[in-house]
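The values are calculated or read from the model by the stated rules, or taken from the named source; none is laboratory data. Just so it is clear, the structure is predicted and the values come from calculations on it, not from any experiment. Virtual Cβ from ideal backbone geometry, glycine too; neighbours counted across all protein chains shown. Areas reflect the complete protein model, heavy atoms only, side chains present, ligands, DNA and RNA absent. Shrake-Rupley method; radii C 1.70, N 1.55, O 1.52, S 1.80 Å.
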Amino acid sequence: HKTIHIQRNTEWTHVGCKYFGECGGCIGQHLNYETQINLKFSPIQKLYRDLFGVELQESPAKQIYEYRTRMDFSIFPGPKIGLRQRGNFRRIVSIEDCKIQSIKSNETLRETWTLLRKIPTIIWDRYA
């Protein structure tokens, strides 16, 4: 018998979002914040350094949750409010709460859900 030792990746962290993995909104949340910043920002730093000779400095967010004030949700009949599914742009993952958007933005999202549930006959033709 051969023994295989499995070790947890130390760069992984707990994800507090119940939609993680299905939703395509924030695919790097399983990585610690420093690793996320490095993966997202390093290519931009390299591009500016190589093309323009400019060194960009990182400016990490003060908090890693509840910081975004703008989100692009899709709204479809049902009603369905959410973000595009990871790997499938045609599917929407219904979202009641998003961990990375601000508290006020989540309140607005809940108010929108409430409004759409009260008006089930709303016109859904987005080209009308």
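Numerical summary
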quantity: Selection within the stretch 64-85 - open to solvent by 60 Å² or more (accessible area, probe 1.4 Å) and of a type in the set (Val, Ile, Thr); calculated: 64, 69, 75
quantity: Inter-residue pairs, beta-carbon under 8 Å, first at negative phi and part of a helix (DSSP H, G or I) and in the stretch 105-127, second aliphatic (A, V, I, L, M) and at pLDDT 90 or above, 6+ apart; calculated: 109/81; 109/95; 112/81; 113/81; 116/81
quantity: Within the stretch 1-98, strands (runs of 3 or more DSSP E) holding 2 or more residues that are more than 13 Å from the chain's Cα centre (by Cα) and without any contact (Cβ under 8 Å) to a residue 24 or more places away in the chain; calculated: 88-94
quantity: Qualifying residue in the stretch 14-31 (condition: surrounded by 11 or more Cβ atoms within 10 Å (Cβ to Cβ), among the hydroxyl-bearing types (Ser, Thr, Tyr) and out of contact with any strand residue (DSSP E or B) (no Cβ under 8 Å at 6 or more places or on another chain)); calculated: no
quantity: Complete set of residues in the stretch 97-106 that are over 22 Å from residue 30 (Cα atoms) and either in contact with a Cys (Cβ under 9 Å, 6 or more places away or on another chain) or surrounded by 18 or more Cβ atoms within 10 Å (Cβ to Cβ) (or both); calculated: 105
quantity: Output for the stretch 57-84, where each listed residue is polar (S, T, N, Q) and closer than 24 Å to residue 41 by Cα; calculated: 57, 59, 63, 69
quantity: Enumeration of residues in the stretch 86-96 that are farther than 16 Å from residue 107 by Cα and either aliphatic (A, V, I, L, M) or buried (at least 16 other Cβ atoms within 10 Å of the Cβ) (or both); calculated: 86, 92, 93
quantity: Test result for residue 109, over 25 Å from residue 30 (Cα atoms) and open to solvent by less than 60 Å² (accessible area, probe 1.4 Å); calculated: no
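To keep it simple, each residue is scored yes or no on (1) modelled with pLDDT under 90; (2) farther than 19 Å from residue 23 by Cα; (3) of a type in the set (Phe, Trp, Tyr); (4) in contact with a Leu (Cβ under 9 Å, 6 or more places away or on another chain).
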{"residue": "44", "(1), (2), (3), (4)": "no, yes, no, yes"}
{"residue": "78", "(1), (2), (3), (4)": "yes, no, no, yes"}
{"residue": "96", "(1), (2), (3), (4)": "no, no, no, yes"}
{"residue": "108", "(1), (2), (3), (4)": "no, yes, no, no"}
{"residue": "126", "(1), (2), (3), (4)": "yes, yes, no, no"}
